[in-house]
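Asks: What follows is a structure written as structure tokens; I'll ask about it next.
What follows is calculated from the coordinates using simple rules that are stated; it is not laboratory data. The structure displayed is predicted, hence computed values, not measured ones. Neighbour counts run over all protein chains shown; Cβ positions are idealised from the backbone, glycine included.
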Amino acid sequence: MKGDHHVILRVVAKALIPIIAMYGFYVHFHGEYSPGGGFQAGVILAVCVILYSLIFGIAPTMRAITPGFERFIGGLGFIIYVGVGFWALAMGGNFLEYDALFREEPGGHAGQHTGIIVIEIGVLFAVAGAMVTIFYAFAGRVSEIRDEDW
Amino acid sequence: MLEFVLERGNYWAIIGLMLIGLYIAFAATNLIKRLIGLGLFQTSIILFYTSLARIDNGTAPILFGKDYGKKKSHGDEYSGASDYSGDAAEHGSSGYEAAHNYAAEGLENVYSNPLPHVLMLTAIVVGVATLAVGLAIIVRIREAYGTVEADEIRAMDLEVAISEASSEAEESKAGAV
Amino acid sequence: MIEFIASLVPANLAAHSPALLVAVPMLMAPLAAFMPNGRLAWLMSIFATGFSLIMAMVLVTQVRSIEGGAIISYAMGGWVPDAGIEFRIDALNSMVLLLVSSIGFLAAIFSWPTVKAEIRDAKRAMFFATYLVCFCGLTGVASTGDAFNLFVFLEISSLATYALVALGASRDRRALPAAGNYLLMGTIGASFFVVGVGFLYAATGTLNMAELAVRLQGVPDNKAVLAGFAFITVGLGIKAAMFPLHQWLPNAYAYSPSFVTMFLAATATKVAIYALVRFLFTVFGLEFAFEGSTLIWILMPMGIAAMIACSFQAVFQTDVRRTLAYSSVAQVGYMLLGISIGTAAGVSAGMFHLVNHALIKGALFMALAGVVLTYQGTSLNDLKGLGRTSPWTMSAFAIAAVSLIGVPLTAGFQSKYALVNALFEHGWWWAVAVVMFSSLLAVVYMGRMLEAIFFRAPSNPNKRRQEAPLLILVPLWILAIANLWVGIQGGFVAGLADDAAAALFIGGAS
């Protein structure tokens, strides 16, 4: 971080990253009515973290959002997804049967709505966690490449 | 003949991409390039599926306009959609037929088939995961061997194997004595 | 016994057994990854695979409860099949599921000593999580009734497998190129499979395998179907290590951690063969696959070539695990030969051999894992004199070895006998000669090992050797006794295989 020749990048990134994150959440929660959903939103959220680390360095990013946390988020998302399946099972439906979630009468849609929203949150967590974990796994190794190899 | 070729331009492009990808995956000695070839191959498959899903004049498969709110039952929608895709894709230009079927279902607009797109969403995720695992393996290869060239790695392995075999022969001789 | 265990399962669990069989390992995998130490993760993997095993027993019981085999259909998410994903269990699935889950359970039990020796402490929890992902993928392949879903599960298991194979790098760095090669070949295979499924979807508009089978009858001479057929056969052939497409296998087996080798050898290629059989017989149907096309003239020569060429290659290896890996490809040849006959007896023999080979290779690699544990290498020299210092491990190894050769009173004999019978029935007497010749080659390469183990002095007496720990010995002897039991009283497994073949032929006719 010597000199000021990255100052524009830093300023622009600081302004952009919250907007990107917000856009990620927009894509996620608007996924019910338009193209979007957990996959895309997860990647966009992961892009925030990756962009931050590209500009401010990998070490500060890892301090802010630790690799362990990202791994936890990734696993948690997966558990949420499968958990909905087991929730439906516990309520007497088939695996992942949203209609069974609240044991509602035929024609009710609360189960469908809740089911897909919870599932998408699981996907969001899993994708965001996995993408950042993958990024950390590669970016975190940079120091191991010796100088003469460049 | 020319018409036959031109009508199926997308398939020719897909076949071309597929073969290029496959060739790179096998012929390149650089492991990263192999992965790039693999990626190209997988991308051509995504193109293949999405071009199967196309229906003439079809739009994104999200109900809009007068169609919105018409069909509440999800099950019907799905089983309906899967029926059309067949004839739609079988001969690329018969999308009209499918469109008419759609109209018979009481829909105003023509929608393309969403199922292949959903499938490819999954395939993209699988592709990303494969790429990540592949790159991780290559990083480890780089650390263990100091190179990512397949032929150099093979030469090193061969050396190790030869020295192992000779030391083994000695050992067994010693055992016999 | 299976019926008794299945009868203990409460009815509401039993009703969801197809989903639970796959979902419980799937849920346990991320949970295991969170565990602070490897031992807890190991216990969780035992629990998950054990639970799957019980569910598989329930399924087998349910399928066998009706004469001729019931078909259990489970609609994922309550979507009606064809619209949604269906898990469809018939006699063939239930057999493969029982095989995979019981091997997976035994492998999970035996894994701890070898994992402790070969995997770093910090990675053990993740290792077991990866194992559970692999296991869940394999069971998913074996239970799904949806062609694309099959691809997804195939890739889930394969990706986990690549990572597991690469972990062998802590012992031998050659594991890494082996894993890379496996990844390349495996991904191309899976991609070919997807292209094939795409063609079928284009021609029929469905992905459900049962529905595909019905609709494919309506489009007999479609070029797209033929292309899809070719793509699917080649793609699954790569995954199953069909003869010319097996180049990834020997290195992957030879350098991966010994636990992984054991699990892969006993399950991964078997599941791929199951998928191939499922597509050949159920989806395309007997007529299309065997009479309408020239497939029989591809499968049969490939099977025979594998039996001869790979047995020869096995003879000339110095590393025991490579020998067994080549032998695996040769055994895949037996199965393909049985399948290519295209009669119920032939398919039944192929399936019977599939189960037996899983038992044999599972036992062999498990015993070798014990050798690796006390003695780092697995070359032929390392085996010398082991028969005296670790009689229990090595006698189990010997039982599995003679079973691989096909000595009477062992499992290998039973299935080879069934295969030879099927070949005679079909009039392929010359193929019988090939089977005999290949078995002779097996005598040579297994004989070298047995000779080294029991009749040679240790090449380096200073190295410390001892019996494998109890955690290895118990599952090892279960497998060894299973070999003998199937060999002496093969009725149960043979019955499963017969039912499986019958289910295929009924399904193909409809």
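Asks: Charges at C-beta only: +1 for Lys and Arg, -1 for Asp and Glu. How large is the resulting dipole of segment A:20-150 about its Cα centre, in Debye rounded to 20?
Replies: Working: 5 positive and 11 negative charges, 57 e Å.
For this selection, approximately 280 debye.
Asks: Same structure, new question: What FRET efficiency would be calculated for the residue pair B:Tyr23, C:Lys223, taking the C-beta separation as r and a Förster radius of 41 Å, to the nearest 0.05?
Replies: Details: r = 24 Å, r/R0 = 0.59.
Taking R0 as 41 Å, the efficiency between B:Tyr23 and C:Lys223 is 0.95.
Asks: What's the exposure ranking of A:Val123, C:Val474, C:Val347, going from fewest to most Cβ atoms within 10 Å?
Replies: Details: A:Val123 23, C:Val474 13, C:Val347 28.
Fewest-to-most ranking of A:Val123, C:Val474, C:Val347: C:Val474, A:Val123, C:Val347.
Asks: Shielding of B:116-122 by partners, i.e. mean partner chain Cβ atoms within 10 Å per residue? Please list the in-between numbers first.
Replies: On the way: counts 5, 1, 1, 9, 2, 3, 6.
So the per-residue partner count for this stretch is 4.
Asks: Per residue of B:44-52, how many C-beta atoms from partner chains lie within 10 Å of its own C-beta, taken as a mean? Numbers along the way, then the final one.
Replies: On the way: counts 2, 5, 1, 0, 5, 7, 0, 2, 4.
If you average over the peptide's residues, the count of other-chain Cβ atoms is 3.
Asks: Then there is this: Could you please state, rounded to a whole Å, how far the C-alpha centre of segment C:392-416 is from the C-alpha centre of segment C:52-124?
Replies: Between the Cα centre of segment C:392-416 and that of segment C:52-124, the gap is 26 Å.
Asks: Applying a 10 Å radius around every beta-carbon, put C:209-218, C:304-313, A:58-67, C:184-193 in order of their mean neighbour count, most first.
Replies: Numbers: C:209-218: 18.0, C:304-313: 21.1, A:58-67: 14.5, C:184-193: 24.8.
Those peptides, ordered most packed to least, come out C:184-193, C:304-313, C:209-218, A:58-67.
Asks: So for C:Phe455, A:Phe25, A:Phe125, A:Phe39, fewest C-beta neighbours within 10 Å to most, what's the order? Please report the intermediate quantities before stating the final value.
Replies: Working: C:Phe455 10, A:Phe25 13, A:Phe125 24, A:Phe39 20.
In order of increasing Cβ crowding within 10 Å: C:Phe455, A:Phe25, A:Phe39, A:Phe125.
Asks: Follow-up question, since we're still on this one. Would you give the gap between the C-alpha center of segment A:50-85 and the C-alpha center of segment C:315-359, rounded to a whole Å?
Replies: Here the answer is 45 Å between Cα centres.
Asks: Here is a follow-up. Expressed as an acute angle from 0 to 90° and rounded to the nearest 10, what is the orientation of the C-alpha long axis of helix A:110-139 relative to the principal long axis of chain A?
Replies: Compared with the principal axis, the helix lies near 20 degrees.
Asks: Where does each of C:Asp90, C:Asp498 land when they are ranked from fewest to most other beta-carbon atoms within 10 angstrom?
Replies: Working: C:Asp90 25, C:Asp498 21.
So the residues, fewest neighbours to most, are C:Asp498, C:Asp90.
Asks: Roughly how many nanometres apart are two label points built 7 Å out from the Cα toward the Cβ at C:Met436 and C:Gln489?
Replies: 3.2
Asks: Can I ask one more? How far is helix C:470-488 tilted off the main Cα axis of chain C, in degrees rounded to 10, range 0 to 90?
Replies: 60
Asks: Okay, next question. At 7 Å along Cα-to-Cβ for each site, give me the label-to-label distance between A:Phe25 and B:Leu6 in nm.
Replies: 5.3
Asks: Classify chain A from the C-alpha gyration tensor, please: rounded if a/c falls under 1.5, else prolate or oblate depending on whether a/b exceeds b/c.
Replies: Details: a/c = 4.20, a/b = 2.14, b/c = 1.97.
Prolate.
Asks: Now a separate question. What residues have an amide H closer than 5 Å to that of C:Val407, excluding those fewer than 5 places away on the same chain, when H is modeled at 1.01 Å from N in the peptide plane?
Replies: Those lying under 5 Å, H to H, from C:Val407 are C:Phe413.
Asks: Over segment C:1-118, what is the relative contact order in whole percent, taking alpha-carbon pairs under 8 Å and six or more residues apart? Don't skip to the end; give the middle numbers.
Replies: Working: 131 pairs, mean separation 33.0, N = 118.
Across segment C:1-118, relative contact order equals 28 percent.
Asks: In nanometres, what is the gap between the two model label sites at A:Ala90 and C:Glu287, each 7 Å from Cα along Cα-to-Cβ?
Replies: About 5.1 nm, to one decimal.
Asks: Separate question: Using +1 at the C-beta of Lys and Arg and -1 at the C-beta of Asp and Glu, which of C:Phe413, C:Ser395, C:Ala502 has the Cα lying farthest in the positive direction of the dipole of segment C:294-510?
Replies: C:Ser395
Asks: Please list, ordered by chain and number, the residues whose modelled amide H lies under 5 Å from the amide H of B:Asn113; skip anything fewer than 5 residues away on the same chain.
Replies: Those qualifying (amide H under 5 Å, at least 5 residues apart or on another chain) are B:Ile55.
Asks: Could you give the angle, 0 to 90 degrees to the nearest 10, between helix C:91-118's Cα long axis and the longest principal axis of the Cα atoms of chain C?
Replies: 30
Asks: Rounded to the nearest 0.05, what FRET efficiency do C:Thr389 and C:Phe47 give with R0 = 41 Å and r taken as the Cβ-Cβ distance? Could you check? Intermediate results must be reported in sequence, preceding the final value.
Replies: Working: r = 34 Å, r/R0 = 0.84.
That gives a FRET efficiency of 0.75.
Asks: Within 13 Å, Cβ to Cβ, of C:Phe279, how many net charges do the neighbouring residues add up to if Lys/Arg are +1 and Asp/Glu are -1?
Replies: +1
Asks: Let's test the formula: R0 of 22 Å, r as the Cβ-Cβ distance of C:Asn12 and A:Gln112. What FRET efficiency results, to the nearest 0.05?
Replies: Working: r = 23 Å, r/R0 = 1.06.
With R0 = 22 Å, the Cβ-Cβ based efficiency is 0.40.
Asks: Over the whole of A:69-80, what's the average partner chain Cβ count within 10 Å per residue? Rounded to a whole number, please. Show your work: numbers first, answer last.
Replies: Details: counts 0, 0, 4, 3, 0, 2, 7, 2, 1, 7, 7, 1.
Counting other chains' Cβ atoms within 10 Å and averaging over A:69-80 gives 3.
Asks: If you stretched the chain out fully between A:Tyr33 and A:Thr66, how much longer would it get, using 0.36 nm times the residue separation minus the C-alpha to C-alpha distance? Please report the intermediate quantities before stating the final value.
Replies: Values: separation 33, 0.36 × 33 = 11.88 nm, distance 3.36 nm.
Working it through step by step, the gained length comes to 8.5 nm.
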